[in-house]
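For reference, the structure is listed below as structure tokens.
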Amino acid sequence: MAAVAEQVTSTGLRSAAVGRNPWALAWRRLRRNRLALAALGLLLLLIVVCLAAPLYAHDVAHDGNVLGPNLNGTTIVGGKVVPVMQEGGGILKLGETPIGPTWDLHHYFLGADNIGRDVAALLLYGGRASLQIGICSALLCCIVATIVALIAGFFGGLTDAILSRLMDVIWAFPVYLLAISLATELLTHSNGIQIGFLHVSATSLWTPTVIIAFIYVPYVYRPVRGQVLSVASKEFVEAAIAQGASNFRLIFSEILPNVVSTVIVLLPLMIATTILTESALSYLSVGVQPPNVSWGTIISDGQDLLYTRPWVSLAPGIMIVLTVLALNVLGDGVRDALDPRAKLRVR
Amino acid sequence: MRQIRPKTAHLTGRRTTMATLAGLAVLALAAAGCGNSAGPSSKPSTGAGSAHQGGVFTILANSSFGVADPAQNYTLEEWQLLIDTHDGLVGFAKVGGLPGTKIVPDLATSIPIPTNGGKTYVFHIRRGIKFSNGQTLTPSAFVTTFDRQFTVPGPTSFYSGIVGASKCSVKGCNLAKSGGVIANDSAYTLTINLTAPDPEFMDQLTLPFAYAVPPNTSLKLTGNNVPPGTGPYMWKSYNPNTEAVLVRNPYFHVWSKIAQPNGYPNEIIEKYGLQVSDEVTEVENGEAQEVFDGDQIPSDQLSTLNSPQYAGQVHVNTLTADWYMALNTQRPPFNNLQARQAINYAANRTAYVKIAGGPSLAVPACQILPPNFPSYKPYCPYTTGPQTTWSGPNLAKARALVKASGTYGDKVVVDSTNDQVGTELAEQMVSDLNSIGYKASTQLLSGSVQYPFVQNSANWSKWNVAWSAWYQDYPAPSDFLNVLLGCGSIHKNSDASPNIAAFCDPAIQKLINQAEADGSTNPAKAAALWTQIDHMDTQQAPWVDLYNPKQIDFLAKNVHGYEWNPQWYILIDQLWLSK
Amino acid sequence: MLTFIIRRTLWTVVVMFVITVVVFFIFFKTPGVDPARALAGRNPSPQTLAEVRAQLGLNRPLLVQYGLMMKRIFITRNLVSYSDQGQLVIPEIFAAAPATLSLVFGAAIIWIVMAIVMGVAAARLRGRIYDPILMILALIGLSAPVFWIGQVANLITQGGLHNSVFSWVPPLGYTSFTVSPLHWFTGLVFPWITLSILYIGFYARVLRANLLEIQTEDYVRTARAKGLSERRVLLRHTLRTSMITFVSLFGLDFGALVGGGAILTEVVFGIHGVGFLTWQALQNLDLPTIMAVVIYGAFFIVLMNALVDIAYAWLDPRVRPA
């Protein structure tokens, strides 16, 4: 998606706020941005609520496992015991419809899904997976991209040419199609992937995490490399070279600290992007695999129930919008704080 | 047979992507009697009275049946059309109910008694029949038909018993030369020689693979051009992305009302690429006549069909098919009989039935043979109530058996397809396994990968429980008991090893061989033996049998004369339209 | 300029080549994938398998296999689908293209018009409450998963209100323009809106920032000093300048969408375009189809990128050496 890329590029290239203590300065600016603070608050709240999923699950659990099917279960609505899956009516009695929202926090608040699971509890567990994948893949992506960008930007010449062209190739693939191709391949290997002695099972949350991180590497690489190039030509780096500093020292103690702010500006926007991508892949059934759930898988399951039980897909969608919106607002705030001269601003 | 429909486009249809394994089921007994057809059974005279003729019958399908060459296609979706455009030497009577299970002569004048120790069949072919391109039918048409079984890659195993078949390959085949299929175009006879007697050969000849095509038909795949046939209709066009159109065959005349009656509609159109929910809406509105994907109707819409308004338009019929979880008998824990029985006691079949759409669309099962099948006698040792039908799980007994087997706490991998129903069934199985102390997890694969995957012995170490389904090919108990659980059905390192459980009990196999041998000499004794084998297999618990599915047909208000044929299900050209 | 075009074109060709190699290896050379097995039918005998393998050239050297595959995709265009051997993959993709193009073109018109209106309005109304409101709206558009918006649209137009307010909306699916222009249009209205929301949000933000940036440039100040009206300045000078960024962005996004990026919208609305085709292929693990779509999609994107770069270089000579 060029949209993402450009957003990233146009923010990334301009962030060289140099002050006496730029971080303290930035923090002070961020604290003054009430909208960004509200977004941060909302984000923290969402994370805490999702982390607390087991507590809520304990409250609504039918037989100790909210993530397992409860097709034969019952619940209480208005003091009466009713089945979670309700048989069709008429003479033919075709079909089984899950119970709808009861709006009773302890009994199927948002109703049940296709196999009788409590949607409200799933929502919290799904949030854990979505947030975990989003945050981890964004971090992984930023770390890998930064390392590659440091190497390319610092050594330049052939190294730079090769690495940049490699990134161009990844960049050239349609984002979702590349992710789908990779996921299809990895999921077909029912035994998962073996990277050295590290084993990732196909149904692990790490499969989508790694895929998503991989496809966005060029999108972070480009702005960071630009930044590395501009920092590498600065006087203080040349001074360090003159002093005979090793390449390692040059990269990690001279250049890296000066590109970190670019990466930090990108991070919230990348998390927003990765969360959206995770939900899309899960919707297409190549993301999070059962028994794990994520907001995307719940929306996908809800598709069948859209007209009779719309809350199954409405609720996780609202959660995604809230989370991503908070991340985007926060991202704008962080950028404004770290780079007050940035021209692309919300306010 | 197990089929995977070539394309499982979805949206809402994911609910039962794999229920599309709709196979052709066949059965011997009282299929019509057990289907609770809600519609009024107005019986037409099966000769297509001209009063009812006319109109266009439109079928709506989510996806096409793939390549149309009859030598290769193995889907009920095309077969339901091929029976109206082509004929074989013999065929199932084209009527509803019990009589529909009878094999009658079609292009042959009679059903021959085999000679040469059951190895030689001589068919007399009817004269005066023409293909839809005007060519006259001659016995040599069948030489081409059988040669094509081997030159067009397909499920060749059905006819591999013909003399000379072993020399055939995709490169070429000449059964006439090798003496397997000999046509005499002057005497109008066709002789087929087998390498060994096969009591099921006549059944296999009823399948559309063996339908006559003109002798000059290419031995290569004809792709989506269907070669001309002799039936009352002919293929005008087929485009897997849009539609198939069948129009009347101008050269057709009725030669046997029971084998190939004339049809009612003037045109049959099957449209592809619709969402199942839209199919239902269009048929509700009378804009089309039939919903092909009844098994994929979203639960949302199933409930609307319960309305009395549609009562006469919905037909539900039992299929002779099994949906089951095969237990890997080659690996712990399920190489242990007690462990296998334990999960059979624990499996909550009510839950699986709910996944299938509720008790009106599936019936819980314990044993291998489906109800209404030859040699079927109700038997269910794995329940609390009387041991004939399933009434509820017996968790206490299951837990005791797990303890006794020493497999408590073992890890178990449940392999299934990654569509919605496959996933749900696997998750319920995981829940059942966990409830008796196993540590179960799922392994979900794409539908087209999962079936070969679980069959191949190379993957035995990767799963313990595997979902599968079987719709029978023809009404013989061996089609379940020998094909799915016989020692001879285990082919190591092959993707085509239908005995997924890799279950082989020498004592039972001895009985199977006995029953096969008795089949032609002493059918009554063989039938009793099959019943015994079914119950013995059930006791050995190589599977957790889940349920027997039912077929749901939804037709427009203007469609009349619905009947349920146990072999082909709906007989499209025998339905007539009111104006 | 000419050397730039030549260099850019050469590079485009190299990228395309690398893409085909990568895709070939992802799909045909990973262990566990046996194309012969998929093509040999349901219950193939070992010798059938061997013959099919030979037919496909799978026993040939890797380079020859790659060559054969590329020949099937680009020259003879007779690559066969796994799920249906009567089906040729490439014609299928081309048959699906009109639906995708209809969807993307319509959405593009909506998002350009809406983004310009919102971006300009926000820039003009800077300092008033409307600016942040418009920008928050844009952010919400950026934050909602497109398939979920599609579901909500379906819920509204196909659900309870389908028999009243939205009775003019046909059932989900795509009607070809040649079959019925009216159905083509009514069926695409909500997919267009759904697909465009993300881009409206994004382009409006970019445009607004761009406008504000240019307003401080000298020539705009000069124009203002000359006494031109604010509106004239905006239309004649600022907006025109910021269109360069806008158009180059548009080229990239348009390429990405046509190259398969519209898959989610197509799936949720049942529009049988290129994305939907991929989705179906995914369900059946029909590798040739997925592979062909990925290659053609990537080619389209690479091509659009190259065109945008060349156009950009032509408009703005400063970037040429890049």
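Taking the criterion of being at pLDDT below 90, in a loop (DSSP other than H, G, I, E, B) and closer than 25 Å to B:Val314 by Cα, the residues of region B:238-282 that qualify are B:Gly273, B:Leu274, B:Gln275. Among the conditions (1) out of contact with any Pro (no Cβ under 9 Å at 6 or more places or on another chain); (2) open to solvent by 20 Å² or more (accessible area, probe 1.4 Å); (3) at pLDDT below 95, B:Thr136 misses just one, which is (3).
Among the conditions (1) facing another protein chain (nearest Cβ under 7 Å); (2) of a type outside the set (Phe, Trp, Tyr); (3) under 23 Å from C:Tyr203 (Cα atoms); (4) touching a residue at least 40 places away in the same chain (Cβ under 8 Å), C:Ile263 misses just one, which is (4). The set of residues in region B:320-340 that are touching a strand residue (DSSP E or B) at 6+ places or on another chain (Cβ under 8 Å), open to solvent by 10 Å² or more (accessible area, probe 1.4 Å) and of a type outside the set (D, E, K, R) is empty. Residue by residue through region B:446-494, note down the ones that are open to solvent by less than 10 Å² (accessible area, probe 1.4 Å) and part of a strand (DSSP E or B). Listed by number, the residues that qualify are B:Val465, B:Ala466, B:Trp467, B:Ser468, B:Ala469, B:Tyr471. Within region A:280-289, does at least one residue satisfy the condition of being more than 8 Å from chain C (Cβ to nearest Cβ), under 30 Å from C:Arg128 (Cβ atoms) and not in a loop (DSSP other than H, G, I, E, B)? Within region A:280-289, not a single residue is more than 8 Å from chain C (Cβ to nearest Cβ), under 30 Å from C:Arg128 (Cβ atoms) and not in a loop (DSSP other than H, G, I, E, B). Screening B:Ser110, B:Ser160 for residues that are of a type in the set (Ser, Thr, Tyr), within 14 Å of another protein chain (Cβ to nearest Cβ) and surrounded by fewer than 23 Cβ atoms within 10 Å (Cβ to Cβ) leaves exactly one candidate, B:Ser160.
Taken together, B:Gly286, B:Gly263, B:Gly273 contain a single residue that is buried (at least 21 other Cβ atoms within 10 Å of the Cβ), more than 30 Å from B:Lys130 (Cβ to Cβ) and not hydrophobic (A, V, I, L, M, F, W, C), which is B:Gly273. Scanning region A:77-98 for residues that are part of a loop (DSSP other than H, G, I, E, B) and open to solvent by less than 60 Å² (accessible area, probe 1.4 Å), which turns out farthest from the other protein chains (Cβ to nearest Cβ)? Once the filter is applied, the top-ranked residue is A:Val84. Scanning region B:362-388 for residues that are in contact (Cβ under 8 Å) with a residue 24 or more places away in the chain and open to solvent by 60 Å² or more (accessible area, probe 1.4 Å) yields B:Tyr376, B:Lys377. In this structure, is B:Thr230 more than 30 Å from B:Leu302 (Cβ to Cβ), in contact (Cβ under 8 Å) with a residue 40 or more places away in the chain and open to solvent by less than 50 Å² (accessible area, probe 1.4 Å)? Yes.
Which one of these is in a helix (DSSP H, G or I), open to solvent by 40 Å² or more (accessible area, probe 1.4 Å) and free of Cβ contacts under 8 Å to residues at least 24 places away in the same chain: C:Leu182, C:Leu228? Answer to the selection: C:Leu182. From the set of residues in region B:62-92 that are of a type in the set (Val, Ile, Thr) and away from chain C (no Cβ under 14 Å), which is nearest to the chain's Cα centre (by Cα)? Across region B:62-92, the extreme among qualifying residues is B:Ile83.
So which of C:Thr289, C:Thr278 ends up being under 30 Å from A:Ser300 (Cβ atoms) and touching a residue at least 60 places away in the same chain (Cβ under 8 Å)? When all the criteria are applied, what remains is C:Thr289.
Is it true that some residue in region A:246-258 is within 22 Å of the chain's Cα centre (by Cα) and more than 10 Å from chain C (Cβ to nearest Cβ)?
Residues of region A:246-258 that are within 22 Å of the chain's Cα centre (by Cα), as a first pass: none.
Within region A:246-258, not a single residue is within 22 Å of the chain's Cα centre (by Cα) and more than 10 Å from chain C (Cβ to nearest Cβ).
Within region A:145-154, is even one residue free of Cβ contacts under 8 Å to residues at least 60 places away in the same chain and either in contact with a His (Cβ under 9 Å, 6 or more places away or on another chain) or not in a helix (DSSP H, G or I) (or both)? Checked region A:145-154: no residue is free of Cβ contacts under 8 Å to residues at least 60 places away in the same chain and either in contact with a His (Cβ under 9 Å, 6 or more places away or on another chain) or not in a helix (DSSP H, G or I) (or both). Considering every residue within region B:437-450, establish whether at least one is more than 19 Å from A:Gln289 (Cα to Cα) and at pLDDT 90 or above. Checking region B:437-450: at least one residue is more than 19 Å from A:Gln289 (Cα to Cα) and at pLDDT 90 or above.
Just a yes or no: is a residue in region A:54-76 surrounded by fewer than 18 Cβ atoms within 10 Å (Cβ to Cβ), more than 20 Å from B:Thr350 (Cβ to Cβ), modelled with pLDDT of 80 or more and over 24 Å from the mean Cα position of the chain (by Cα)? Scanning region A:54-76, I find at least one residue that is surrounded by fewer than 18 Cβ atoms within 10 Å (Cβ to Cβ), more than 20 Å from B:Thr350 (Cβ to Cβ), modelled with pLDDT of 80 or more and over 24 Å from the mean Cα position of the chain (by Cα), so the answer is yes. Considering C:Ile197, C:Ile244, C:Ile193, the condition of being modelled with pLDDT of 90 or more, open to solvent by 20 Å² or more (accessible area, probe 1.4 Å) and more than 12 Å from every other protein chain (Cβ to nearest Cβ) is satisfied by C:Ile193 alone.
Yes or no, residue by residue, for (1) more than 10 Å from chain C (Cβ to nearest Cβ); (2) in contact with an Asp or Glu (Cβ under 9 Å, 6 or more places away or on another chain); (3) touching a residue at least 40 places away in the same chain (Cβ under 8 Å); (4) outside any helix (DSSP H, G or I):
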position	(1), (2), (3), (4)
B:Gly422	yes, no, yes, no
B:Gln428	yes, no, yes, no
B:Ser441	yes, no, no, yes
B:Leu444	yes, yes, no, yes
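Name the residue that is least open to solvent (accessible area, probe 1.4 Å), counting only residues in region A:290-323 that are assigned to a loop (DSSP other than H, G, I, E, B) and facing chain C (nearest Cβ under 9 Å). Reasoning before the result, please.
Here is the first cut: in region A:290-323, the ones assigned to a loop (DSSP other than H, G, I, E, B) are A:290-294, A:306-310.
With the extra rule that they be facing chain C (nearest Cβ under 9 Å), the set shrinks to A:306-307, A:310.
Details: A:Leu306: 8, A:Tyr307: 98, A:Pro310: 31 Å².
Here the residue is A:Leu306.
The values are calculated or read from the model by the stated rules, or taken from the named source; none is laboratory data. This one's a predicted model, so the numbers in the text were calculated from it and none came from an experiment. As a convention, Cβ positions derive from the backbone with ideal geometry for all residues, glycine included, and neighbour counts pool all protein chains shown. These area figures cover heavy atoms from the full protein model, side chains too; ligands, DNA and RNA do not enter into them. Shrake-Rupley method; radii C 1.70, N 1.55, O 1.52, S 1.80 Å.
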